[in-house]
Amino acid sequence: MTKIKICGISTPEALDAAMGARADYCGFVFFAPSPRNLTAGAARELSARADRRIGKVGLFVDPDDALLAEAVTAGALDAIQLHGSETPERAAQLRTRFGLPVWKVVSVATRADVARANAYRDAADLLLFDAKTPKGAALPGGMGLRFDWSLLSGHRGPLPWGLAGGLTPGNVAEAIRAAGAPLVDTSSGVESAPGVKDPALIAAFCAAVRGA
């Protein structure tokens, strides 16, 4: 069964919707420019509400150690997702320091991008293939962009992996069939406005994944 991550959870209502739809993971964003950004206090409240009913993944973009330490503690995180230009060396360093699995986001536009992800084989625990954003974009993801899913067809890399980028209730089943994704991650695809999660869309997304 394909696992499900709902990223950009920022309210109790969105968290309840993700848990009610039996998503496997929720994503807490710690990146100030994002409309989904969480403070440490908000993360602490959401984490307490989640308890152990759903995996909690913190999303960071080239974070310093102080931000990570605060967020890992406040959110009681189960994994660290790196969505910036972090090198394999940096990813390995953070995995060792915080003792948590590291998910590295890899931006994809061509098959060569997929191949380059192998550099993280000894530094990360999971690769998340996402659409490459335009140069100069304010955000590294969460923009509803998708890439050619067939680039991942038959992918047998050295690490577990997932698919992100432009996934919605309407196309996620097609994406799973095209890429064979063992995990799917959505954010803007289940929103009614930037940063505003729609419980009905979350439920529809999870149902579509299970029906794929």
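The values are calculated or read from the model by the stated rules, or taken from the named source; none is laboratory data. What you are looking at is a predicted structure, and each value in this text was computed from that prediction instead of being measured. Counting neighbours? That spans all protein chains shown, and the Cβs are built from the backbone with ideal geometry, glycine included. Each accessible area value is taken on the protein alone, full model and side chains, heavy atoms only, with ligands, DNA and RNA left out. Shrake-Rupley method; radii C 1.70, N 1.55, O 1.52, S 1.80 Å.
Go ahead and estimate [θ] at 222 nm for the chain from helices alone: -39,500 (n - 2.57) per DSSP H run with n ≥ 4, summed, over the residue count, rounded to 500.
After summing the helix terms and dividing by the residues of the chain, the value is -9500 deg cm²/dmol.
Give me the tail of P(r) for segment 1-60 as a percent: Cα-Cα pairs with distance above 20 Å.
17
Sort 178-188, 116-126, 27-37 by the packing proxy (mean of other Cβ within 10 Å over each peptide's residues), most packed first.
Packing proxy ranking, top to bottom: 178-188, 27-37, 116-126.
Round to a whole number: what % of the accessible area of the chain belongs to carbon and sulfur, probe 1.4 Å?
52
5 Å is the cut-off here: which amide hydrogens, built 1.01 Å from N in the peptide plane, fall below it relative to Gly162, excluding neighbours closer than 5 in sequence?
For Gly162, whose amide H was placed from the backbone, the distant partners under 5 Å are Leu127, Leu128, Phe129.
Run through all the Cα pairs of the chain and give the fraction in each 10 Å bin from 0, expressed as whole percent.
Final binned percentages: 9, 38, 40, 13, 0.
Size of the dipole of the chain about the Cα centre, Lys and Arg at +1 and Asp and Glu at -1 on the beta carbon, nothing else charged, in debye to 20?
Magnitude of the dipole: close to 440 debye.
Of the options Gly154, Gly84, Ser47, report the single residue whose Cα projects farthest towards the positive end of the charge dipole of segment 46-178 (beta-carbon charges: Lys, Arg +1; Asp, Glu -1).
Checking the options against the dipole of segment 46-178, the answer is Gly154.
Explain nothing, just the number: relative contact order of segment 37-88, from Cα pairs under 8 Å at least 6 residues apart, as a whole percent.
45
Enter the accessible area per residue of segment 1-151 (Å², integer; probe 1.4 Å; all protein chains in place).
I get 45 Å² per residue for segment 1-151.
If you plug each phi of segment 154-167 into the Karplus form 6.51 cos²θ - 1.76 cosθ + 1.60 with θ = phi - 60°, what whole-Hz ³J(HN,Hα) values come out, in order, with x for Gly and Pro?
x, 4, 10, x, x, 10, x, 8, x, 10, 9, x, x, 7
If eta is 0.890 mPa s and T is 25 °C, what Stokes-Einstein diffusion coefficient results for segment 1-105, Kirkwood Rh from Cα pairs, in µm²/s?
D, rounded to a whole number, is 180 µm²/s.
Can you compute the charge dipole magnitude of segment 2-98 about its Cα centre, using +1 on each Lys and Arg Cβ and -1 on each Asp and Glu Cβ, nothing else charged? Give it in debye, rounded to the nearest 20.
Computed about the Cα centre, the dipole is about 340 debye.
Given H placed on each backbone N at 1.01 Å, which residues far from Gly55 in sequence or on other chains put an amide H within less than 5 Å of it?
Amide H neighbours of Gly55: Tyr25, Cys26.
Mean shadow of segment 57-113, computed from the convex hull of its alpha carbons, in nm²?
Mean projected area of the Cα convex hull: 3.9 nm².
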